[in-house]
């Protein structure tokens with residue numbers, strides 16, 4: 001019996017852990033650094049959606065998915081920041097059938113049978129004895145551990161665990177500082193995260209930009225200008241040369257650690273998030 005094709009499927013999310021283990025009951029995959037993307041194909045209709053249901057315009061990826069010889073399909077994966085590859089790691093719907101109820105290994109078998117071609121790439125389980133050591137050595141963001149036999153759950157689950165090599169965190173932009181010297185656009189982003197209804201200041205992010213991004217961000221931020229800081233908690237807010245904005249833009253930041261005062265140490269910008277709402281950004285803790 002077939003089921004009606006879904007308008008949306010809530011994606012499964014991994015739980016952060018500091019554990020490092022190997023276990024035959026788990027598989028391990030590379031954690032890609034980018035934007036979560038769900039692909040919905042139903043006949044000739046094709047939709048690419050971020051995890052907060054925003055449509056994504058990725059023509060090459062859309063063309064490759066449209067060419068797959070299936071009547072209907074929902075894929076889950078990650079688009080790398082440059083937007084050149086869609087790393088597919090799960091399938092939730094195939095040929096008029098909901099396969100989220102199937103165990104992980106059955107879903108992966110279905111995925112292996114799909115003739116993916118560039119820019120689609122299937123994420124293969126790692127065979128390394130210590131997968132996180134390879135991740136450190138090759139500069140990956142981290143490793144995802146997935147429990148065999150588990151169904152595709154909707155929302156955060158402990159059947160998927162993420163082990164990060166470099167600490168990364170989604171943060172909300174609440175302001176920026178003036179550029180200095182030959183810098184254009186802005187000096188640094190002033191970022192934070194929500195703790196209940198309070199926006200907590202987490203520090204400045206001043207590296208990871210190119211010239212065009214600095215200019216583009218300045219235009220977007222000027223359109224969100226407000227007269228007073230949106231941050232309601234935290235220390236160290238700049239008082240001179242700072243501009244405040246409505247906390248709507250979400251960025252992905254890499255850094256070495258949190259300081260004892262709750263600030264980012266050595267942060268750098270990885271990219272702008274289009275797949276997450278600002279109000280959903282909280283400090284991620286294991």
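Things to note:
- Summary of packing: across the peptides 35-42, 197-204, the per-residue average of other C-beta atoms within 10 Å ranks them, highest first, as 35-42, 197-204.
- Take the Cα of residue 7, step 7 Å toward its Cβ, do the same at residue 207, and the gap between the two points is 4.6 nm.
- A Förster radius of 30 Å combined with the Cβ-Cβ distance from residue 53 to residue 198 puts the calculated FRET efficiency at roughly 0.70.
- With neighbour counts taken as other beta-carbon atoms within 10 Å, the residues 27, 143 rank, fewest first, as 27, 143.
- Length released on extending from residue 239 to residue 282, taking residue separation times 0.36 nm less the Cα-Cα span: 13.0 nm
- Residue 214-residue 20 FRET efficiency (beta carbon distance; Förster radius 41 Å; 0.05 resolution): 0.60
- Inverse mean reciprocal Cα-Cα distance (Kirkwood Rh) of the stretch 12-164, Å: 15.9 Å
- A full extension of the chain between residue 105 and residue 84 corresponds to an added length of 4.8 nm, given 0.36 nm per residue minus the alpha carbon distance.
- Bridge type composition, the chain - antiparallel percent by DSSP, nearest 5: 90 percent
- Working from label points 7 Å from Cα in the Cα-to-Cβ sense, the residue 158 to residue 184 distance is 5.1 nm.
- Seen through its C-alpha gyration tensor, with square-root eigenvalues sorted a ≥ b ≥ c, the chain comes out prolate because a/c lies at 1.5 or above while a/b is bigger than b/c.
- Rounded FRET efficiency, nearest 0.05, which uses the C-beta distance separating residue 95 from residue 137 and R0 of 25 Å: 0.05
- Helix 211-222 axis versus longest C-alpha principal axis of the chain: approximately 70°, rounded to the nearest ten.
- 22 Å tail of the calculated P(r), the stretch 167-280, as % of Cα pairs: 23 percent
- GNM flexibility winner over the chain from 245, 70, 253 (Cα, springs under 10 Å): 70
Only the coordinates and a few stated rules stand behind these numbers; no lab work does. Remember, predicted model here, so these are calculated numbers, not experimental data. Cβ atoms come from the backbone with ideal geometry, glycine included; neighbour counts cover every protein chain shown.
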